[in-house]
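Some notes on the structure that comes next.
Bear in mind these aren't lab numbers, they're just calculated from the coordinates by the rules spelled out. Just so it is clear, the model here is predicted, and its values are computed rather than measured. For neighbour counting, all protein chains shown are included, and Cβ atoms are generated from backbone atoms with ideal geometry for every residue, glycine included.
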Amino acid sequence: MIYAAADIRKSHRLPLERVLMVNTIPKDARNQGSMNLGLEIAREYLDADSVQWWEDVDTGQYSHIAFNVFYPMLLFNMGAFITKHRIPPEKILIGGQGVGDGRSTEVIGDVFIGEIDYHENSTHITSSPRIGEQIGYIELSRGCKYRCTFCEYTWAHINNREKPIELLEEQIRYVRYRGCKRVNFLSANFGGFSKVGELLEICAQNGVKVMNTDTVLHDIKKLKDYRHLLPSSIKVGIESFDPETRKRVGKNFSDSKMEEVITTSIENGVSYFHFYMIYGLPNDDYSKWFDWLGRLAEIRKRYSRTEADLFGREYQLHTKPLRFEFNITNFEPGHETPLAEAQEVDFQKKAEFLIEWFAALKRHGFHTGDTERDYKNARGRIGRKELSYKMLMRLKKGGEDVSEAILRCFPRGIGRSVSDREAERFLEMVGS
């Protein structure tokens, strides 16, 4: 049975007498102190105890065991907990962004889809603030007003809602009173918040430093007059340097508009740009990617001058420290998105692309460090290497064989990375 959020809230069809909420985050995840807000909201709403999936606990005292699954691969950690504690399907409740429509969880009793604190006619969110290690976590908004065709989050979410500015001001004062001088506002697009200027002024008045830098390019201009209240960095999802590809996937901004935003941001104090890119989007023209590396190198040269050392050798002296970074992830055709049937990543072509890409980074003077060039072999982040990517995509397609493999293949759970041998075993088990 699959329950929508409103079903549980209105009809109470589940006998939730006492609930244990299990966090499925990997043991080796970065930022162990970061806030898993989805789990926190569900735990509070259900008045549940909470435990990490690798911990021992007496599950017999609970009427239901609820699992928070933020990413599909975390289903393996759920499976490890179920197997270890021999939990019957009728006691299991599973929910979270990584669950999808439950196709990969036929073995589970009840699948929860949606927002656990959602109710009809709700136009805003009211979640409580959380306190971390001297950091306040305040949910700013849910959903996204943009409908990018590759984004599972956008198409799976109920709707785009914000927290009222009056409630935000109250929560900012609360976390500051509790000793937090820094606040992370949880949102898919910080700059897209309708009253972001007013929010930043409230933070400044209360001596709170804002940690957020993730912003859709369309909304960066809204932050222009408040740059002194923000970090000197911007993280933005460009997805592709090919304008035609951007247009097809819903990122409809031109090259000239992108350059204008970048240069204006630099003039307003931004010194670090982090671009989120996606390799494998349909019909992408990668020659445009290389053109843009040269373009960014030229922008950086505008803020440098030529100097000579004691031996007369010339070098470039930067008058403004500018840093450009590129985070390239693999395209994952998402279920129920407009690109659900698009072709998956060809890793042989990607390997050839990366050789050229790293060479171009060095040629234009961008720092690469010890970046690994071969994304086809050995051990690596889930979905980054070829076999773990195939494993992830097979997992998303679901089916009874996948459900069985979840419970059998990784009895000790899974971390942030997976070996080729482990991925191969799973793919053999599901007949892929």
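Among the listed pairs Lys27/Lys224; Lys27/Lys195; Lys27/Lys362; Lys251/Lys390; Lys163/Lys396, a Cα-Cα separation exceeding 30 Å is found for Lys27/Lys224; Lys27/Lys195; Lys27/Lys362; Lys163/Lys396. Quick check: the angle from helix 165-177's long axis to the longest principal axis of the chain, C-alpha only, nearest 10 degrees? Roughly 90 degrees between the two axes.
Here, P(r) means the percent of Cα pairs in each 10 Å bin from 0 to the largest distance; for region 207-248 it is 24, 46, 22, 7, 1.
Does region 261-370 classify as rounded, prolate or oblate by the C-alpha gyration tensor (a ≥ b ≥ c root eigenvalues; a/c under 1.5 gives rounded; else a/b over b/c gives prolate, otherwise oblate)? Prolate, because a/c is 1.5 or more and a/b exceeds b/c. Of the Cα atoms belonging to the chain, the radius of gyration and Dmax stand at 23.4, 81 Å.
Per-residue ellipticity at 222 nm, computed for the chain from helices alone with -39500 (n - 2.57) per DSSP H run of at least four residues, works out to -9500 deg cm²/dmol.
Qualifying trypsin sites (Lys or Arg not before Pro) in region 164-200, where qualification requires a DSSP coil assignment and no more than 11 other C-beta atoms within 10 Å, comprise Arg178.
Here the chain is treated with +1 on each Lys and Arg Cβ and -1 on each Asp and Glu Cβ, and its dipole about the Cα centre works out to around 1000 debye. Residue exposure proxy: Phe76, Phe275, ordered by other Cβ atoms within 10 angstrom of their Cβ from fewest to most, comes out as Phe275, Phe76.
How do the peptides 56-63, 326-333 rank, highest first, by the average count of neighbouring beta carbon atoms within 10 Å per residue? Numbers along the way, then the final one.
Details: 56-63: 12.4, 326-333: 18.0.
In decreasing order of mean packing, 56-63, 326-333 become 326-333, 56-63.
Restricting the GluC sites (Glu not before Pro) of region 38-69 to loop positions (DSSP other than H, G, I, E, B) with no more than 13 neighbouring Cβ atoms within 10 Å leaves Glu55. Simple point charges give the picture: +1 on the Cβ of Lys and Arg, -1 on the Cβ of Asp and Glu, and for region 232-332 a dipole about the Cα centre of about 240 debye. Put simply, when 225-231, 400-406 are sorted by average Cβ atoms within 10 angstrom per residue, most first, you get 400-406, 225-231. Only one residue of Val270, Ile41, Thr213 has its Cα farthest out toward the positive end of the dipole of the chain, where Lys and Arg carry +1 and Asp and Glu -1 on Cβ, and that residue is Val270.
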